[in-house]
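The values are calculated or read from the model by the stated rules, or taken from the named source; none is laboratory data. All of these numbers come straight from a predicted model, not from anything done at the bench. We place every Cβ from the backbone using ideal geometry, glycine too, and count neighbours over all the protein chains shown.
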Amino acid sequence: MSGPENSLRSRLGRARGLGSAHEGVHHWWAQRMSALALIPLSLWLVASLVCNAGADYAVVSAWLSGPFTLGALGLTILITVYHAVLGLQVVVEDYIHGQPTKLILLILLPMGGVALVVAAIVSLLVIAFAG
């Protein structure tokens, strides 16, 4: 007889704190803006890869060492990973029901995203400057 229906708290009292965290609009907006930013970056990346198809390592390395190319590719990687982390966060929040598992995944997702971005940017810099 210790269920929620036997509690001395009212239904409103039990429901408080279970509602929105007021983060939904920001999260939705960030995901839409990152998707919008990825449209021209993805078109540029596909066009660049098509133009460099069949090129050897030296040509691609020279292309990558240009400041515009290096910056645009770094920005594409950063925004793509950010967009992916936002999307995966929603999946975890909606479909993982075990609280410890959900909490661990919500902590590891951004950390994994940062690690992926750092590894990709370091790789780009090594290719661009070390040849």
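Any idea which of Gly19, Gly13 is assigned to a helix (DSSP H, G or I) and either at pLDDT below 90 or surrounded by 14 or more Cβ atoms within 10 Å (Cβ to Cβ) (or both)? Even if it seems obvious, please write down each step before you answer.
On the way: Gly19 fails: assigned to a helix (DSSP H, G or I).
Exactly one of Gly19, Gly13 is assigned to a helix (DSSP H, G or I) and either at pLDDT below 90 or surrounded by 14 or more Cβ atoms within 10 Å (Cβ to Cβ) (or both), namely Gly13.
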Options Ser34, Ser42: the member that is touching a His at 6+ places or on another chain (Cβ under 6 Å) and either at pLDDT below 95 or assigned to a helix (DSSP H, G or I) (or both): Ser34
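Do you know which residues across the stretch 93-131 are β-branched (Val, Ile, Thr) and within 19 Å of Ala35 (Cβ to Cβ)?
Within the stretch 93-131, the subset β-branched (Val, Ile, Thr) is 96, 101, 104, 107, 114, 117-118, 121-122, 126-127.
Within the stretch 93-131, just Val117 meets the criteria.
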Hits in the stretch 90-113 (condition: exposed (fewer than 13 other Cβ atoms within 10 Å of the Cβ) and closer than 19 Å to His27 by Cβ): Val91, Asp94, Tyr95, Leu103, Ile107, Leu108, Met111
